[in-house]
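This report concerns only the one structure given below.
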Amino acid sequence: MVETTFLGGSWVPVTNTCTIASKITINGGNSLTVSQGATLEILDEIAIAYQSSLTNNGDINIVSGGHIGLNSFDNTSGNNMLTNNGNIINSGSIRISAYGNILTNFGSITNFGSITNFGSITNFGTFNNACEGSLIGTIPTSGNSVIQEESCNNTIQVNIDIKPGSFPNSINTNSMGVVPVSILGSNSFDVTQVDVTTLAFGPDGASSTHSAYEDVNGDEFVDLVSHYVQKETGIACGDTEATLTGQLND
């Protein structure tokens, strides 16, 4: 597929149904708007970089394998914006990198895929994380915003942070030490309800060696930090994700 890059100015707004089947880059101060009543379907990737923006007043559908990235490598490539005034259904992935990148939601976002936030998310609307959805980072609320987290078969999916405070969240697979993992508390999840004796981390289900409560991300919600012997986790070189499972207290 051909990758397309547009520099400077603004694109013609999306006014009907448009499908993104190959990667496009909104770059160099460019902007793209999805008009009210229009639909943007993303099969591949929209990369937003260098003070650029995507504004949705209609509908955006990110299918499985599709991606929106607010990308930055330093302060000069950051300060990108995704503003949602309509509806976004994400079955793929959204990533907000650091360096001033912002997702602002005034409408509705439903997440069946993954959303990774290392930048800033402000939610004035409705944010629905389906049971299949994965969230990395916090989704703050403002005003009359609503956050809904669905559960499947009595399973609740919550945010974790591997090696909290570090970026990227890399693990030395040859290490003989321990890996800290934080379960992030929120206004919809109380980490003190977790039975720490049931926690299992990684493919091999390593048990926690010790745990403590603290606010690791400064959002004023208590988080649960537990530690795992790296060699017991089963995490191998090349793995790009890891899962922490556990049960709530009765």
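The values are calculated or read from the model by the stated rules, or taken from the named source; none is laboratory data. Here the structure is a predicted model, which is why all the values come from computation and not from measurement. All Cβ positions, even for glycine, are placed from backbone atoms using ideal geometry, and neighbour counts span all protein chains on display.
Of the strands (runs of 3 or more DSSP E) lying entirely inside the stretch 175-227, those containing at least 1 residues that are touching a His at 6+ places or on another chain (Cβ under 6 Å) and not assigned by TED's automatic domain parsing to the domain that holds Gly137 span 178-183, 210-214.
The set of residues from the stretch 40-54 being surrounded by fewer than 22 Cβ atoms within 10 Å (Cβ to Cβ) and over 8 Å from Ile26 (Cα atoms) comprises Glu41, Leu43, Asp44, Glu45, Tyr50, Gln51. Taking the stated definitions as given, is Ser170 assigned by TED's automatic domain parsing to the domain that holds Leu224 and either β-branched (Val, Ile, Thr) or assigned to a loop (DSSP other than H, G, I, E, B) (or both)? Answer is yes for this residue.
Is there a residue being modelled with pLDDT of 95 or more and hydrophobic (A, V, I, L, M, F, W, C) anywhere in the stretch 30-40? Steps first, please.
The initial filter retains those residues of the stretch 30-40 that are modelled with pLDDT of 95 or more, namely none.
Within the stretch 30-40, none of the residues are modelled with pLDDT of 95 or more and hydrophobic (A, V, I, L, M, F, W, C).
Note on the stretch 220-250: among residues that are acidic (Asp, Glu) and at pLDDT 90 or above, the one that is surrounded by the fewest Cβ atoms within 10 Å (Cβ to Cβ) is Glu220. The residue that is modelled with the lowest pLDDT, counting only those in the stretch 117-146 that are touching a Phe, Trp or Tyr at 6+ places or on another chain (Cβ under 6 Å), surrounded by fewer than 18 Cβ atoms within 10 Å (Cβ to Cβ) and closer than 24 Å to Asn101 by Cβ, is Gly143. Within the stretch 96-112, the set of residues being under 16 Å from Phe124 (Cα atoms), surrounded by fewer than 22 Cβ atoms within 10 Å (Cβ to Cβ) and of a type in the set (A, V, I, L, M, F, W, C) comprises Ile102, Phe106.
The set of residues in the stretch 109-140 being farther than 17 Å from Glu241 by Cβ, without any contact (Cβ under 8 Å) to a residue 24 or more places away in the chain and in a strand (DSSP E or B) consists of Thr110, Thr122, Thr126, Phe127, Asn128.
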